[in-house]
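Please treat every number below as a calculation from the coordinates, not as lab data. Everything numeric here is computed off the predicted structure, so don't read it as measured data. So basically every Cβ, Gly included, is an ideal-geometry build from the backbone, and we count neighbours across all protein chains shown.
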Amino acid sequence: MKLTLLVLALGAAVMIDGTTPDGYKRVCYYQKSNRVKVSTIPADLCTHIVFAFAVIQNWNIEPEVPQDLDLYKQLVDKKTSNPGLKVMVSLQIGSRQLLLGRLLRWKHSQKMPLTSCGIITWTESVIDAETLAEGQERLLFSLALIPSVRSAAVIYDVPVISSVVDFATAMTYDYHVFIKNISEVTAYNSPLFTPAGESAVYSTNATISFYLNAGMDRAKLLLGLATYGRSYTLVSASQHFLHAPASGVGGPGPVYGLKGFYSYQDSCTELKGGTRVWDDHSYHTCTRQSMGVVRGYTER
């Protein structure tokens with residue numbers, strides 16, 4: 001399949017308003033994996049499916065590998081049973097992530113601004129110009145927003161973002177990960193509210209509140225949920241509380257075998273043999289077992 005044909009297919013995929021019957025968006029983020037096949041994604045599960053990632057090559061946005069073209073087509077083909085489905089491509093530029101409703105051609109003659117908001121407004125204008133030139137309806141433009149309130153306050157002009165995007169997803173996860181000599185205690189991956197003893201900015205509630213108070217249109221702001229947890233290896237098995245000393249990430253999970261990372265399936269498996277502990281303050285759950293490993297996940 002030629003790239004130009006794919007561009008037309010993705011362009012057509014974003015022209016119908018994609019919402020649930022009650023008017024909400026249910027945006028599903030798909031990163032290609034041998035563990036989760038495109039064919040297994042229910043067509044009616046999501047209003048939007050975002051494929052990660054595309055890359056920039058020779059000032060064009062293109063698939064990471066040619067085989068991704070077939071995955072794009074498989075996603076677009078789900079519109080046969082769900083005509084309202086929107087298919088988008090995620091473009092990651094360093095730490096910046098843009099979600100585009102089509103593959104967008106970037107020209108040498110078009111100078112890209114270096115600031116975050118400059119890139120955002122510039123990209124939105126290019127989308128509009130290209131779709132107008134090709135006689136198409138305006139296509140979707142979205143962003144994934146970082147969870148760190150402190151960093152977001154410095155790098156984002158939230159009112160500008162709100163004015164140009166169709167929607168933005170706040171990534172409310174990875175508030176804590178094990179980092180040698182920096183963060184060596186157990187902590188929650190995605191707490192709903194800030195745990196006792198931590199800075200008030202480390203929670204889903206803090207992140208969402210920041211963006212709303214900073215000027216983000218609440219009708220455009222989505223809450224990005226993590227379907228995974230983090231695990232830690234304890235320094236002492238007898239110390240298995242929140243903020244307990246940790247010597248490293250946890251061992252491989254029982255299903256996918258990834259160190260320090262527990263998928264939804266891994267967490268469900270661990271619940272069968274671990275001890276479930278509920279945190280009333282932060283609305284977060286963790287499990288522990290006798291081998292000195294504690295795992296955190298979120299129930300919502």
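Counting only residues 5 or more places away or on other chains, whose amide H sits under 5 Å from the amide H of G229 once H atoms are built in the peptide plane?
Y262, S263
Modelling each spin label as a point 7 Å along the Cα-to-Cβ direction, I'd like the A237/L45 distance in nm, to one decimal.
Inter-label distance under the simple model: 3.7 nm.
For S125 and L258, calculate 0.36 nm times their separation in residues minus their Cα-Cα distance, and state this gained length in nm to one decimal.
My answer for the length gained is 43.8 nm.
Excluding S39 itself, what net charge comes from residues whose Cβ is under 14 Å from its Cβ, given Lys and Arg +1 and Asp and Glu -1?
Neighbourhood net charge equals +3.
Kindly list the residues of the range 180-215 that lie in the label zone of A153, defined by a backbone N under 17 Å from the point 7 Å along the Cα-to-C-beta vector.
Only 194, 198-215 pass the distance filter.
What nm value, rounded to one decimal, do you get for the distance between K272 and N34 when each label is placed 7 Å out toward the C-beta?
Once both label points are built, they end up 2.4 nm from each other.
Between the alpha-carbon centers of the range 63-91 and the range 267-281, tell me the distance in whole angstrom.
Going from one Cα centre to the other spans 36 Å.
Can you sort M171, M216, M88 so the residue with the fewest Cβ neighbours within 10 Å comes first?
Taking fewest neighbouring Cβ atoms as first place, the list is M171, M216, M88.
Suppose each label sits 7 Å from its Cα in the direction of the beta carbon; what would the E137-Q265 distance come out to in nanometres?
Label-label distance for E137 and Q265, simple model: 3.7 nm.
Just in the range 191-262: which chymotrypsin sites (Phe, Trp or Tyr not before Pro) are loop by DSSP and have at most 13 other Cβ atoms within 10 Å?
For chymotrypsin sites (Phe, Trp or Tyr not before Pro) across the range 191-262 that sit outside H, G, I, E and B with at most 13 neighbouring Cβ atoms in 10 Å, the list reads F241.
What is the gain in length, in nm to one decimal, between L212 and H281 on full extension, counting 0.36 nm per residue of separation less the C-alpha to C-alpha distance?
22.6 nm
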